[in-house]
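The values are calculated or read from the model by the stated rules, or taken from the named source; none is laboratory data. From a predicted model like this one, the values you see are computed outputs, not experimental measurements. FYI the Cβ positions are ideal-geometry reconstructions off the backbone, even for glycines, and counts take in every protein chain you see.
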Amino acid sequence: MGLIEKLFSLVFGSGRNVVKETAEVFRENAEAGAVRAKDVQIAAMQGFSAEFRQVGRGRFDRIMDGVNRLPRPAMALGCLGLFVSAMVHPVWFAERMAGIALVPEPLWWLLGVVVSFYFGARHQAKGQEFQRSIAGTMAQVPQVVEHIREVRALEAGATGENPALQDWKNTKNR
């Protein structure tokens, strides 16, 4: 008995599991790895959330957002207006188009660059706002999962411990 006890204390000695510790040198503990991965994910989401958090927006920012919303509808309505004016008053339309034909080509290139940069910057700002909202939502995932677990635990506990509910189920099943 003493030899077996010494052998077990050598392998599992002083409350440690030498076999487990040796295996973990060659293979990661899956549970500890999952905990570390969760901690890294939460830290990354908190970093994204802090990076994209908006502070209070002032009146100027709201006015500029409103002004930035005007060009696309104005251009779309302007194009539709040109089609209508070509049908309603062709001479007036032809005069305007003759004037546009006199615009030099470098000016058209400049207009193209300005419009491209405007819409590109707008697209980037909207994309960053979208990423900000996703980061805020993803940061709340661990809390939502925990709340779901708590609710399910409450539901399971309430169903099993309510004698009146059990009596009602028993009478209903008869």
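Residue by residue, here is whether (1) under 42 Å from the mean Cα position of the chain (by Cα); (2) closer than 30 Å to GLN41 by Cα holds:
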{"position": "GLY66", "(1), (2)": "yes, no"}
{"position": "GLU105", "(1), (2)": "no, no"}
{"position": "VAL115", "(1), (2)": "yes, no"}
{"position": "TYR118", "(1), (2)": "yes, no"}
{"position": "GLN128", "(1), (2)": "yes, yes"}
{"position": "PRO142", "(1), (2)": "yes, yes"}
Sole residue being small (Gly, Ala, Ser), surrounded by 11 or more Cβ atoms within 10 Å (Cβ to Cβ) and either in a helix (DSSP H, G or I) or within 33 Å of the chain's Cα centre (by Cα) (or both), chosen from ALA76, ALA135: ALA135
Checking SER85 against (1) touching a helix residue (DSSP H, G or I) at 6+ places or on another chain (Cβ under 6 Å); (2) closer than 27 Å to GLY136 by Cα; (3) at pLDDT 75 or above, which test does it fail? (2)
Please count how many residues of region 46-62 are part of a helix (DSSP H, G or I) and modelled with pLDDT under 85. 10
Return the residues of region 68-82 that are at pLDDT 90 or above and touching a helix residue (DSSP H, G or I) at 6+ places or on another chain (Cβ under 8 Å); say none if nothing qualifies. LEU82
Selection count where residues are surrounded by 10 or more Cβ atoms within 10 Å (Cβ to Cβ) and under 28 Å from MET97 (Cβ atoms), scope region 61-73: 2
